[in-house]
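The values are calculated or read from the model by the stated rules, or taken from the named source; none is laboratory data. In this text, all values refer to a predicted model and were calculated from it rather than measured experimentally. As a convention, Cβ positions derive from the backbone with ideal geometry for all residues, glycine included, and neighbour counts pool all protein chains shown. Please note that ligands, DNA and RNA were not included when accessible areas were found on the heavy atoms of the full protein model with its side chains. Shrake-Rupley method; radii C 1.70, N 1.55, O 1.52, S 1.80 Å.
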Amino acid sequence: MTSRHVRSLLDAAPQHSSELGSITRLTADDFPLLTGLSIKRLVLEPGSIREPHWHAIADELGYCIAGSVLISILDNGSAFSSFTIDAGQMFTIESGSLHHIENVGDTTAEFIIAFSDEQPEDFSLKAAFGAMSGAVLGNTFGLDAAAFTPMALSTSAADIVQRTGPAVIPDTAGLGNPHKFDLEGMSATISQPYAHVRTSRTQFWPALKHLSMYSLTIAEDVMREPHWHPITAEMGYVHKGRARMSILDPDGSVDTYVLKPGDVYFIPRAYPHQIEVIGDDEIHFLIFFDQPTPGDIGYRASISAFSRPVLAATFGVDLDALPDFPFTPSDPLVVPRTNPVDAVEEAES
């Protein structure tokens, strides 16, 4: 059975696929439930470049799975940045800012990138030049129009191109930059023997305006407690492991499905949901939100907010039939699993 909440990013139709690399994406065209978020997987072989481009209606937030790249950004007001990104680090780019991503290492680079719109629009620098006549370009640069004839300009985008010669890396590329964040290098926001959570949100990364991300690692015997996010949607990418998730839709139906590496799930704002590991290995999720500072409400704190008579009336039982709920002033986020995983039919993503 196919879940409306899940799609495979690895199996998505490619925007680009060649010996230079690949781009696969999920937008509202492929994943109709998406609102305010979409996602791409970018793979660049050594010497390959995601051509200079910008996004018209979406901020961009990227996480490096593997490799080493150089990113250059031209922001509003001619503010320029150029910096390197390695595995476990992140970058953010505002809507409309021109940027490129260049593999400057010796191995394949891989990124998972979220956008703050379900239908982001791209413009390439090449296509932008192709939209103008040789005379207009000549006037712009103080050159003869004929100087642009050899460029064979067109309004089509190449997406990924091959670098000629060695990479040009500025001496300052390894320095800190407002667009760059070393997520896996920071201390875990939550660190327990069975779970680690690292967060890129505006509290730690002021450059974020519309997006944030959690790097969530959970051991095989642990569960993310049932919860919901009052004012943010959630879009998760499964990097490693397999997990079982359940989500309640407003019509009262419960969607339960199994997530595997490469899957993307989407949970609209305020929908209650739960995640637990299945299998023998830990899971690693990249969880994106459409707010720079996401918040949540968990089941444990929810129960602690009301008196036992209110709870008994709510669940339609006598007071003495209520479980002995522990008082929880602050939700624990993750909890040990003391009961076996419920059997579930695996959904096709």
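Tabulated results
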| read-out | value |
| --- | --- |
| Binned Cα-Cα distance frequencies in the stretch 249-349 - 10 Å width, integer % | 10, 33, 39, 16, 2 |
| Positive-end residue of ALA128, PHE115, ASN139, charge dipole of the stretch 82-149 with Cβ unit charges | ASN139 |
| Cα-based convex hull, the stretch 1-137, per residue volume (Å³, whole number) | 129 |
| Calculated on alpha-carbon atoms, Rg and Dmax of the chain in Å | 23.1, 89 |
| Net charge over other residues, Cβ less than 15 angstrom from the Cβ of GLU45 (K, R count +1; D, E count -1) | -3 |
| Spatially proximal lysines relative to LYS240 (Cα-Cα < 23 Å; intrachain offsets below 8 disregarded) | LYS40, LYS260 |
| Translational D in µm²/s for the stretch 122-174 (Stokes-Einstein at 10 °C, 1.306 mPa s, Kirkwood Rh from C-alpha pairs) | 121 |
| Size descriptor, Kirkwood hydrodynamic radius, that averages inverse alpha-carbon separations across the stretch 67-123, Å | 12.6 |
| Cα convex hull of the stretch 187-293 - mean projected area over all directions, nm² | 6.7 |
| Over the chain: helical MRE at 222 nm, DSSP H runs n ≥ 4 each giving -39500 (n - 2.57), nearest 500 | -2000 deg cm²/dmol |
| Alpha-carbon Debye profile of the stretch 41-87, log10 I(q)/I(0) at 0.30, 0.32 Å⁻¹ | -1.43, -1.45 |
| Contour minus Cα-Cα distance for ASP324 and ARG4 (0.36 nm per residue) | 111.6 nm |
| Mean shadow area of the stretch 123-262, taken as a quarter of the surface of its Cα convex hull (nm²) | 15.2 |
| Fully extended contour minus Cα-Cα distance, from THR202 to ALA87, at 0.36 nm per residue | 39.3 nm |
| For the stretch 26-77 versus the stretch 182-253, the gap between their alpha-carbon centres in whole angstrom | 20 |
| Share of carbon and sulfur in the accessible heavy-atom surface of the chain [1.4 Å probe, %] | 55 |
| Total charge dipole magnitude, the chain, about the Cα centre, Cβ charges on Lys, Arg, Asp, Glu only, Debye to nearest 20 | 580 |
